[in-house]
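Q: Quick one: the structure is below, and I'll ask about it shortly.
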Amino acid sequence: MITIQPETQGKVLVAKASNKLTAEDYETILIPKLQELMAEYEKIRLVIEIDPSFEGWEPSALWDGASFGLGHRKHLERVAIVGAPSWLKTASNFMSHFLPAELKHYDASALQEALAWVRE
């Protein structure tokens, strides 16, 4: 499940990932919000908070996320990932080679620090 968090403002999108992410999460929640921000701002910034319940993606959701991200990578300026398990840090570090955005990982207790960095 993806939820848009109340800290979302301006060109900063804050989303929380929990349980298993589905294609519907991307198609009805995340991608429309990203498209809305990209239409308004040339560059956007993301904070993705990973809930302890996070289990990963359904295959179709993983494809939706990857294809959208790669297709719109020029719009990403900074990405903060908060509370990611080690396997997700490894995967996101690999993906960062395909994105021009700055990427930082933060411990689960450092959401405010991640927000401050993304908003700089």
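The values are calculated or read from the model by the stated rules, or taken from the named source; none is laboratory data. Predicted model only: the values in this text are computed from it and were never measured. Cβ coordinates were reconstructed from backbone atoms using ideal geometry, including for glycine residues, and neighbour counts include every protein chain displayed. Accessible surface areas use protein heavy atoms only, side chains included; no ligands, DNA or RNA. Shrake-Rupley method; radii C 1.70, N 1.55, O 1.52, S 1.80 Å.
Q: For segment 42-72, name all the residues that are closer than 24 Å to Ala108 by Cα and at pLDDT below 65.
A: Scanning segment 42-72 gives Leu62, Gly65, Ala66, Gly69.
Q: Next up: Kindly indicate whether any position in segment 73-89 is open to solvent by 50 Å² or more (accessible area, probe 1.4 Å), modelled with pLDDT of 95 or more and acidic (Asp, Glu).
A: no
Q: To continue, here is another question. With the structure loaded, tell me whether Ile29 is open to solvent by 50 Å² or more (accessible area, probe 1.4 Å), within 13 Å of the chain's Cα centre (by Cα) and not polar (S, T, N, Q) or whether it fails that test. Can you show your working first?
A: Numbers: open to solvent by 50 Å² or more (accessible area, probe 1.4 Å): yes; within 13 Å of the chain's Cα centre (by Cα): yes; not polar (S, T, N, Q): yes.
The answer is yes for Ile29.
Q: Also: Loosely packed, with under 13 Cβ neighbours inside 10 Å and either within 12 Å of the chain's Cα centre (by Cα) or at pLDDT 90 or above (or both): is that true of Gln9 in this structure?
A: Yes.
Q: Can you name the residue in segment 12-26 that is small (Gly, Ala, Ser) and within 17 Å of Leu111 (Cα to Cα) and is also surrounded by the fewest Cβ atoms within 10 Å (Cβ to Cβ) among such residues?
A: The selected residue is Ser18.
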